[in-house]
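What follows draws every value from the coordinates through simple rules; no lab data is involved. Remember, it's a predicted structure, so these values are computed and weren't measured experimentally. Note that each Cβ is placed from the backbone with ideal geometry, even for glycine, and that neighbours are counted across all protein chains shown.
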Amino acid sequence: MIRFLLLMCLAATVHAAESTVDIDTAANVYQAAAIREQVRASLGAMPEHIRQLFAADSAAKLSDAQLAAVTAAAQRGFRIDVFEAPALQAFADHLDSATVARTEAFLASDVGRRMVAADVALATLGEAKIDKVMNGEITAPSTPKRDVIVDKLERATHSTESTVDIFLSMGQAVAIGTAVGSGMDPAAVAERAHRSGESSRAEMEENMRLPMRRFMAYGYRDLSDSDLKHVLAFMESAPGKRYVIAYNASMEAGFDAMGRRTGEQLGESLRELAQVQRQPAPETLPPAGIAAPPVLPH
């Protein structure tokens, strides 16, 4: 009996340590990190970005009317109200009270506030400038010592892995949503999309690592080496690690929801077009190049 009671106490302790927080608590951290502002800034360019990717996909061969449907579907899918509910739920599910307290303290600190301001500024650069930063055409002054800190920070935040996860998750969500909306077998489409994505994961991560470090280095160019060390110390702490997991899970859930909504809207539109034209709806899968905007460093 004593052993049983001890095990029950230990189980209760573990459960308490791993308990999640409510939505309102998660929303406070979400607001302090300015996640809404960062995500909203990235959404305006997504419809045209996705249309161009579908237009460039020779396998799909979509008509002008179908490409217009792609744009309209993306406009209805890539919205902050579609992103926010699942993103907040995932955020709450991966946080605990200790992490919230430490994270709020960090975000309220001078370094934390300037980090968040840098994140927001980076998100609002515009797609053309972001591309130049990630391609190395626009750079920030650095030193070998600073490069080491940025490399460690990129690893600690799992920025590259999270970007690729969102890329693959959103592509699969668009594929599944399209299948559901147009009457195809969603299970078969999901399996095909999953296999395609996983086969390219390692290469995608390798190709994204340097651009993500350039992105982070440019975004934090006004933070001193000492500031970056403070950010790194938090991200490498136990609460910081959990915050990173929660943040990245939130991004993946939100972009997955937007991708699914876009796919469902696109599937319905293609089915309607096919009915008007009296021909089967094409089995349209998202091109391999569809990706979410880079996950912003935090």
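Quick notes on this structure:
- Overall form of the range 75-164 per C-alpha gyration tensor (a/c, 1.5; a/b vs b/c): oblate
- For the range 85-184, GluC sites (Glu not before Pro) meeting the loop criterion (DSSP other than H, G, I, E, B) and having at most 15 other Cβ atoms within 10 Å: Glu137.
- Distance between the range 166-232 and the range 91-137 - C-alpha centres, whole angstrom: 18 Å
- For the range 32-111, trypsin sites (Lys or Arg not before Pro) meeting the loop criterion (DSSP other than H, G, I, E, B) and having at most 13 other Cβ atoms within 10 Å: Lys61.
- Relative contact order of the range 21-277, taken over Cα pairs closer than 8 Å and 6 or more residues apart, is 36 percent.
- Radius of gyration and Dmax over the Cα atoms of the range 21-277, both given in Å: 19.4, 64
- Net dipole in debye of the range 21-277 [+1 Lys, Arg Cβ; -1 Asp, Glu Cβ; about Cα centre; nearest 20]: 440 debye
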